[in-house]
1. Counting only residues that are over 18 Å from residue 181 (Cα atoms), give me the helices (runs of 4 or more DSSP H) lying completely in region 12-99 with at least 2 of them.
2. Checking the conditions here, which among 170, 165, 186 is out of contact with any helix residue (DSSP H, G or I) (no Cβ under 8 Å at 6 or more places or on another chain), modelled with pLDDT under 95 and either within 19 Å of residue 4 (Cα to Cα) or surrounded by 11 or more Cβ atoms within 10 Å (Cβ to Cβ) (or both)?
3. Go through (1) at pLDDT 95 or above; (2) out of contact with any strand residue (DSSP E or B) (no Cβ under 6 Å at 6 or more places or on another chain); (3) under 30 Å from residue 165 (Cα atoms) for residue 53 and report which single condition fails.
4. Yes or no: residue 105 without any contact (Cβ under 8 Å) to a residue 12 or more places away in the chain, more than 22 Å from residue 173 (Cβ to Cβ) and surrounded by 14 or more Cβ atoms within 10 Å (Cβ to Cβ)?
5. Looking at (1) farther than 20 Å from residue 6 by Cα; (2) in contact with a helix residue (DSSP H, G or I) (Cβ under 9 Å, 6 or more places away or on another chain); (3) surrounded by fewer than 16 Cβ atoms within 10 Å (Cβ to Cβ), find the lone condition where residue 212 falls short.
6. When residue 59 is evaluated against the numbered criteria (1) surrounded by 15 or more Cβ atoms within 10 Å (Cβ to Cβ); (2) at pLDDT 95 or above; (3) in contact with a helix residue (DSSP H, G or I) (Cβ under 8 Å, 6 or more places away or on another chain), which criterion, by number, is the only one it fails?
7. Going through 133, 148 one at a time, which residue ends up being surrounded by 12 or more Cβ atoms within 10 Å (Cβ to Cβ) and at positive phi?
């Protein structure tokens, strides 16, 4: 069983999140992708929509895809949630884990709690920025990578125009895949700003999410 984990505030969930999860599932043959909304992320400001609303939006967004599920492991409202705790719990249940994240977050992973242990529990699907030369980006990541003594080794023989570059975790069975997915230029920050400005967010979020935001009056000035 191959399991994808996609964490975030999802404030709100949008088509970019769904696109990324779907492409990861298709490329790596994932049986399930868990969306993991975070109540109090340690690296981001508090605020935005309440966790109950964000959970409801994610549920409505993923309802039509049988591969997508929601996890409530990180919704404690009174304390930060840490990725390592979530991955440990999934690891105990069994299955091959793939943590899905953007390259910017991965570059900062050394600041996460018990970051080194993460590389002994799961694989990583790291999504690049648009226009990134994956080979050069992977070479830089290997050279600059820091995470509790963990080292990465770049696999050889990968073309410059590759859509996936493989980095092995030295001393571990797990792998980091730097990938180029079809990129949708949308972000939660952008959607919140558009809401404040009274602009339409149609087609940036699933229709059910748009209706929920309107009904609840979220992201208004």
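1. Working: elements: 15-28, 51-62, 83-93.
Of the helices (runs of 4 or more DSSP H) lying wholly inside region 12-99, those with at least 2 residues that are over 18 Å from residue 181 (Cα atoms) span 51-62, 83-93.
2. 170
3. For residue 53, the exception is condition (3).
4. It is true that residue 105 is without any contact (Cβ under 8 Å) to a residue 12 or more places away in the chain, more than 22 Å from residue 173 (Cβ to Cβ) and surrounded by 14 or more Cβ atoms within 10 Å (Cβ to Cβ).
5. It fails just one condition, (3).
6. Against the list (1) surrounded by 15 or more Cβ atoms within 10 Å (Cβ to Cβ); (2) at pLDDT 95 or above; (3) in contact with a helix residue (DSSP H, G or I) (Cβ under 8 Å, 6 or more places away or on another chain), residue 59 comes up short only on (3).
7. 148
The values are calculated or read from the model by the stated rules, or taken from the named source; none is laboratory data. Note that this is a predicted model, so its numbers are computed, not measured. A quick note on method: Cβ atoms are made from the backbone with ideal geometry, for glycine too, and the neighbour counts reach across all protein chains shown.
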